[in-house]
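K.L.:
Provided herewith is a single structure, encoded as structure tokens, for subsequent inquiry.
The values are calculated or read from the model by the stated rules, or taken from the named source; none is laboratory data. Worth saying up front: this structure is predicted, and the values here are computed from it rather than measured. Cβ: placed from backbone, ideal geometry, glycine included. Neighbour counts: every protein chain shown. With ligands, DNA and RNA removed, areas are computed over all heavy atoms of the protein, side chains included. Shrake-Rupley method; radii C 1.70, N 1.55, O 1.52, S 1.80 Å.
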Amino acid sequence: MLQLNVYQPPEPKTQVVPDTRTLVNIAQHLEELEKSDRSLHNLIGMEIWSITKTMDDLYPGFWHKFMLNRRQSMKQFMQQKQRSDNH
């Protein structure tokens with residue numbers, strides 16, 4: 001029979017506690033990442049809005065048709081997922 005050996009690194013002998021400056025630095029980096037994430041989220045939202053506005057101007061009713069298709073696709077996806085989960 002095949003045995004699978006999993007390597008486990010040894011536990012550190014002493015616990016390393018970062019100093020206050022390091023913790024503040026980490027907190028600042030996390031805050032910058034969160035700010036960048038919010039900015040990216042807002043930018044993506046604005047791009048999606050501008051694309052849908054343009055498409056709706058070119059093809060009136062585009063957004064409505066898109067949302068109907070999306071709803072139908074999501075319903076089909078959920079039905080397929082439920083069938084595969086039941087088997």
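K.L.:
With charges set only on the Cβ (+1 for Lys and Arg, -1 for Asp and Glu), what does the dipole of the chain come to about its Cα centre, in debye to the nearest 20?
P.N.:
For this selection, approximately 520 debye.
K.L.:
Related question: At 222 nm, what value in deg cm²/dmol follows for the chain if DSSP H runs of at least 4 each add -39500 (n - 2.57) and the sum is divided by all its residues, to the nearest 500?
P.N.:
Mean residue ellipticity at 222 nm (helix-derived): -26500 deg cm²/dmol.
K.L.:
Next question. What's the angle, to the nearest 10 degrees (0 to 90), between helix 20-58's Cα axis and the longest principal axis of the chain?
P.N.:
Relative to the chain, helix 20-58 is tipped by roughly 10 degrees.
K.L.:
What's the angle, to the nearest 10 degrees (0 to 90), between helix 62-86's Cα axis and the longest principal axis of the chain?
P.N.:
50
K.L.:
Arrange the residues K75, K53 by how much accessible surface each exposes, largest first, with a 1.4 angstrom probe. Intermediate results must be reported in sequence, preceding the final value.
P.N.:
Working: K75 130, K53 95 Å².
Of K75, K53, the descending order of accessible area is K75, K53.
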